[in-house]
Each structure stands twice: as C-alpha cells, then as structure tokens.
Amino acid sequence: DAGVTQSPTHLIKTRGQHVTLRCSPISGHKSVSWYQQVLGQGPQFIFQYYEKEERGRGNFPDRFSARQFPNYSSELNVNALLLGDSALYLCASSPTDTMPTEAFFGQGTRLTVV
Amino acid sequence: QKEVEQNSGPLSVPEGAIASLNCTYSDRGSQSFFWYRQYSGKSPELIMSIYSNGDKEDGRFTAQLNKASQYVSLLIRDSQPSDSATYLCAERDSNYQLIWGAGTKLIIKP
C-alpha cells in the first residue's frame, strides 16, 4: 500500500528561479496539504487542497502557489526563489478536509536555494 | 495568533526510564492533537492522536490531553535509544489546519 510520495527528494536552485514540487497522496485520500519546515523549526502550513479547491492558505507570499489535479495529486510552485526558501517541503494527505483526521506525510523535498 | 509551545530541549533520559514531553496550545477551539516523531533529515511520522480529554495508550506511548488547561503530553515508557528524535506536537485548529510546535529533541542515553 503506497504512502504519500513526493518528488524530487532533493533539489538545488539558484535565486530568482522557480521550482515545482509534486505530491501523490495515499490512495483514497482527497485532501493534500503543503508545509515548509526550516531547519530547527516546526512545519509551517502553506496550503490545503480538497477536491481540487483551495481550502486554506498560510501566511506565505504570492510567490507560492499550488493546485490539485482530478487524481488528487498536487503541485506546489514557488517563483522568484529567495535564499530563505531553502527548507524541507512536506506534503501530507488525509481522507477529508473537515474531520479531525490524522495526516500522513511524504518523505519531503529538500530544497536548497543558492 | 494561534500558537503551540514546546520546550526545545534537549531532554536527556536514561535508557529504560520514562520520557515525558509536554506541549501547550492557545486555540481553545482546537479539536484534535497529534504527536509526531521526526528523525534528523526525515519527515514527521505520526505517533499518537488524541481527541478527548484524558489518556490514550498505545504500546509504550501514552498521550494525555487536558483541554481546560490547554496542554497535551506524551509519555514514552521503557525508553530505547531508537526513541531518540525530535518530537513535534501539532493541533488541528478550528479551521482544520495543523498548527505545529517547534519540537522537543529527546536523547535516550544507553
């Protein structure tokens, strides 16, 4: 039974470039959330999507965007990369968006901006 | 501003002893709480979830929730070196978003 899968696992980008991160949720899960985790801190909520609609957005600039596809997979896009965007980007899936259900994480994408 | 507070540690516990991790939260509307374990460089792994006041036990782990005092704790019995990790507390708030603490680093000494 496949868990949450994220790609790529590691990425190095230059300031000013853009990046696309991908996530496939657990089969049957319709909600996908994205988090940014800077070294030494807890994850920070970026977006939540359910049934292709944005259900929540954290305190991140408009350079961050995301979408969810009909198969419930998701992409996180970050434009005009800054050094401070270097972090572990986590994708989590859960069955629904409104029940107090558990969220399961993928292995993360380690983004380094140089 | 919704906040989840944890002592960053490190918390050092002898092997075989009980490790006690604590977390407080500010949002009284929070409905559910989670403890995740995170090894260095890896993603968080769900350990326990708790939704009601009281204790919930799962093997060597016990989660405790006190909504009146707005704290949640995790006890790890018979601590093993493999339990050494950062433990993250998270709440799902009234908007169903996960709010995280910064984590407590736990070190189990053989």
Selection from segment A:21-47 of residues β-branched (V, I, T) and either surrounded by 24 or more Cβ atoms within 10 Å (Cβ to Cβ) or under 13 Å from A:L76 (Cβ atoms) (or both) yields A:V32, A:I46
Checked A:R55, A:R63, A:R15 against criteria (among the charged types (D, E, K, R) and buried (at least 16 other Cβ atoms within 10 Å of the Cβ)); the one match is A:R55
**Message:** Tell me yes or no: at least one residue of segment B:71-93 is without any contact (Cβ under 8 Å) to a residue 24 or more places away in the chain and either crowded, with 22+ Cβ neighbours inside 10 Å or closer than 20 Å to B:V4 by Cα (or both).
**Reply:** no
B:Y36 meets each of (1) crowded, with 18+ Cβ neighbours inside 10 Å; (2) in contact with a Pro (Cβ under 7 Å, 6 or more places away or on another chain); (3) farther than 22 Å from A:F105 by Cβ with one exception, condition (3)
Inset, instruction - Consider A:F104 carefully, then state whether it is in contact (Cβ under 8 Å) with a residue 24 or more places away in the chain, surrounded by 17 or more Cβ atoms within 10 Å (Cβ to Cβ) and either at the interface with chain B (Cβ under 9 Å from one of its Cβ atoms) or in contact with a Phe, Trp or Tyr (Cβ under 6 Å, 6 or more places away or on another chain) (or both). - result: yes
Going through segment B:27-45 in order, the residues found to be more than 17 Å from A:Y89 (Cα to Cα) and either modelled with pLDDT under 90 or at the interface with chain A (Cβ under 7 Å from one of its Cβ atoms) (or both) are B:D27, B:R28, B:G29, B:S30, B:Q31, B:S32, B:F34
Is it the case that A:Y35 is within 14 Å of chain B (Cβ to nearest Cβ) and hydroxyl-bearing (S, T, Y)?
yes
Among strands (runs of 3 or more DSSP E) entirely inside segment A:5-114, those with 2 or more residues being under 27 Å from B:G103 (Cβ atoms) and more than 13 Å from the chain's Cα centre (by Cα) are A:10-13, A:109-113
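Conditions tested, residue by residue: (1) under 14 Å from B:R92 (Cα atoms); (2) of a type in the set (D, E); (3) not in a strand (DSSP E or B).
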| site | (1), (2), (3) |
| --- | --- |
| B:S8 | no, no, yes |
| B:A17 | no, no, yes |
| B:N22 | no, no, no |
| B:R28 | yes, no, yes |
| B:S43 | no, no, yes |
| B:M48 | yes, no, no |
Scanning segment B:2-26 for residues that are among the hydroxyl-bearing types (S, T, Y), within 12 Å of chain A (Cβ to nearest Cβ) and more than 25 Å from A:Q107 (Cα to Cα) gives none
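The values are calculated or read from the model by the stated rules, or taken from the named source; none is laboratory data. Computed from a predicted structure; not experimentally measured. Please note: Cβ atoms are built from the backbone with ideal geometry, for glycine as well, and neighbour counts cover all protein chains shown.
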